[in-house]
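Everything below concerns the one structure shown next.
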Amino acid sequence: MKRRTLLKGVLTAVPALSLSQTFGQEILSLSSKEGLEPMAKGPFKPNWESLQQYQTPEWFRDAKFGIWAHWGPQCQPEFGDWYAREMYYQGSKTYNYHVAKYGHPSKFGFKDVINEWKAEQFNPEQLLELYKRAGAKYFMALANHHDNFDNYNSKYHAWNSVNLGPKKDLIGAWAKATKKQGLRFGVSVHASHAWSWYEGSQQADKTGDLAGVPYDGKLTKKDGKGTFWEGYDPQELYAQNHELSTGSDNINGIHKQWNWGNGVAVPTKAYCDNFYNRTVDLVNQYDPDLVYFDDTALPLWPISDAGLRFAAHFYNRNIKTKGKLEAVINGKILDEAQRKTMVWDIERGQSNSIEPLPWQTDTCIGSWHYDRRIYQEKRYKSAKTVVHTLIDVVSKNGNLMLSVPLRGDGSIDSEEQKVVEGIADWMAINSECIFATRPWKVFGEGPAMEKAAPLSAQGFNEGKGLPFTINDIRFTTKGDALYAIPLGKPTESKLLIKSLAAGNVLYPKEIAKVILVGKGNSLNFTRTSEGLWVDLPESIKEEFAFALKVLPA
């Protein structure tokens, strides 16, 4: 995942269709070259116009909730996100931690962190049982991150978890455990940006005893004699045999270059083709239902058509193997045309309206890569916060994908366990108002929606609005049932739902019953010009969210 402030760029400034017309002939010629994995034949072609045939599958619309293991070698130091980049910037907290724990990056680089990672407590069956109990209908596993390490038996990339580190096929194990639980399986792919993301590894300290001594980012295969990585080429991992991007000495400089503009060093065709081959190999081997890309639009667009070719392959292959299109691609920073080609993902944030097309928010209860400090300081999101986010997102035609960080050894800590168990407890009673629902005419009412924070870049409006209270109500529907879900503990014996006032055009029907979801008991109510007044039982006075099922006469 990324911490960026990109607001505009090539892709957000120019509509998708004109981009494909502008770049199409030049980049599509790459597909005719030899050495590429065959692209599955079918109705989808590798261009934006053809991909607009896409329709979000009903299973995804019904699923609403997924859990994600954003887990790889950067979790081994247990010091938070983007470790493999920030350890190469002298003076950063990560650099200082790395030097104290492992030594100087010229002697102990990220390749050596990979060697430390053994995943000795990895038990995917146990984790998937827990996640299913918490209500997850799909599970997402990290196939690779910007650190460029493949967590699977990669045919095109030697730096993978079967050869090095854990020496296990992690994606294979995740896929088996997920499918055993009857959940949909997904993989997240982030490796397209390693080219510029690792550029700090080419550099050196500017001050101190080791000033000018290069970090390990320019090492080659011949340098590995007698080491654990003998026979492996560090350039396949770091991809740093190239000139630096403009501003590469700035730890945050990459943010404005995420769309492959603004002075970024442009990857070679060989790099782009290798990314395509790796990603096609990934889906061919493990047959995921979802692929999440941590990119602007699709990977490497608009400098390459690798992402377009992959999307066409994934959709066509899915139709061939499933009999109909059931595949989902998650993409970020999409214009309106691009949102028709895949499922729009908002990172750490929510839309402020009912979206016309299904969408997803992804967030994490802590740091994207495991950070032991969050456990020690008890700073994880609570089950209450997660459930409130889920309800709000579902009311707006969205899904929530929640990352539960794994420690380097593959386990979750006791505080994370409590959060997931809390979600499971709420779901055991209230899941009826979430799964297989659709939005109502309005998503909700209350003060929080009146002062919602706008989206920025890929999202990032999470927690910036007013906190939810009992007066913030969200709505979902299923058949004739309307669910009203207050986002807080009751402070009075009665609840007012203004959107259901007598004579309100939103609900012109007579109301026959109001049922407390999960309990089955009918509640007394009165409908006035102010709204629907519902008598609340004492049993829900301590609930952080509950659901009322409104049925018509």
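Bear in mind these aren't lab numbers, they're just calculated from the coordinates by the rules spelled out. Not measured: the values here are computed from a predicted model. Cβ placement follows ideal geometry from the backbone for every residue including glycine, while neighbour counts extend to all protein chains displayed.
All other residues whose Cβ lies under 9 angstrom from that of Lys221 are scored, Lys and Arg at +1 and Asp and Glu at -1, for a net of -3. Computed from Cα atoms, the angle from the helix 414-430 axis to the main principal axis of the chain rounds to 40 degrees. Panel order for Ile346, Ile303, Ile412, by other beta carbons found within 10 Å of each beta carbon, from fewest to most: Ile303, Ile412, Ile346.
The calculated FRET efficiency for Asn524 paired with Glu129, based on their beta-carbon distance and R0 = 51 Å, is about 0.80.
Relative to the Cα centre, the charge distribution of the chain, modelled as +1 at Lys and Arg Cβ and -1 at Asp and Glu Cβ, gives a dipole magnitude of about 860 debye.
Amide hydrogen proximity for Ile329: with H placed 1.01 Å from N in the peptide plane, the residues at 5 or more positions away or on another chain lying under 5 Å are Val291, Val343.
Rounded, prolate or oblate for the range 22-179? Axes are the square roots of the Cα gyration tensor eigenvalues, ordered a ≥ b ≥ c, and the cut-off for rounded is a/c under 1.5. Verdict is oblate for the range 22-179. One decimal place: the segment Thr477-His255 gains 76.0 nm when fully extended, by the rule 0.36 nm per residue minus the C-alpha distance.
Show that you can apply the helix-only estimate: for the chain, add -39,500 (n - 2.57) for every DSSP H stretch of four or more residues, divide by all residues, and state [θ] at 222 nm to the nearest 500.
The helix-only estimate for the chain comes to -7500 deg cm²/dmol at 222 nm.
To one decimal place, what orientation-averaged projected area in nm² is obtained for the convex hull of the Cα set of the range 114-246? The directionally averaged projection comes out at 10.7 nm². Separation of the alpha carbons by more than 19 angstrom is noted, of Lys111/Lys206; Lys137/Lys168; Lys381/Lys549; Lys64/Lys396; Lys384/Lys489; Lys45/Lys179, for Lys111/Lys206; Lys137/Lys168; Lys381/Lys549; Lys45/Lys179. Extension gain, Glu243-Asp409: 0.36 nm per intervening residue step, less the Cα-Cα distance, totals 56.2 nm. Axis of helix 16-28 versus longest Cα principal axis of the chain: the two differ by about 30°, to the nearest ten degrees. Modelled spin-label separation between Lys180 and Leu551, with each label point placed 7 Å from Cα along the Cα-to-Cβ direction: 4.0 nm. Dividing the mean sequence gap of close Cα pairs (under 8 Å, 6+ apart) by how many residues the range 10-347 holds gives a relative contact order of 24 percent.
Remark on Cys364: its backbone amide H falls under 5 Å from those of Ser403, a criterion applied only to residues 5 or more positions apart or on other chains, H modelled at 1.01 Å from N. Sorting Ile511, Ile485 from the fewest to the most surrounding beta carbons within 10 angstrom yields Ile511, Ile485. Would you tally the net charge around Tyr54, using a Cβ to Cβ cut-off of less than 13 Å, leaving Tyr54 out, and scoring K and R as +1, D and E as -1? Around Tyr54, the surrounding residues sum to +2.
How charged is the neighbourhood of Tyr156? Take every other residue with its Cβ under 9 Å from the Cβ of Tyr156, and add Lys/Arg as +1 and Asp/Glu as -1. Residues close to Tyr156 contribute a combined charge of -1. Rg/Rh for the range 221-376 stands at 1.01; both radii use Cα atoms, and Rh follows the Kirkwood definition.
Couplings 3J(HN,Hα) of the range 115-132, computed from phi: 5, 6, 7, 10, 6, 6, 9, 5, 9, x, 4, 5, 5, 5, 4, 5, 5, 5 Hz, in residue order, whole Hz [Karplus 6.51 cos²θ - 1.76 cosθ + 1.60, θ = phi - 60°; x for Gly and Pro]. Spin-label model, Asp425 to Phe228: label points 7 Å out along the Cα-to-beta-carbon direction sit 4.1 nm apart.
Grouping the Cα pair distances of the range 444-552 into 5 Å bins from zero gives a pair-distance distribution of 2, 12, 21, 24, 17, 12, 7, 4, 1, 0 percent in increasing distance order. When you filter the chymotrypsin sites (Phe, Trp or Tyr not before Pro) in the range 63-132 for DSSP loop state and at most 11 other Cβ atoms inside 10 Å of their Cβ, nothing is left.
Karplus-based coupling profile of the range 263-279, in residue order and whole Hz: x, 5, 6, 7, x, 6, 4, 4, 5, 5, 5, 5, 4, 4, 4, 4, 6, with θ = phi - 60° in 6.51 cos²θ - 1.76 cosθ + 1.60 and x standing for Gly or Pro. Extension gain for the segment Lys41 to Thr321, taken as residue separation times 0.36 nm less the Cα-Cα distance, is 99.6 nm to one decimal.
Considering only beta bridges that DSSP places wholly inside the chain, some 45 percent are antiparallel. For the range 10-347, the orientation-averaged shadow of the C-alpha convex hull comes to 17.0 nm² (one quarter of the hull surface).
Once the Cα atoms are used to define both axes, helix 306-322 deviates from the longest principal axis of the chain by about 60 degrees.
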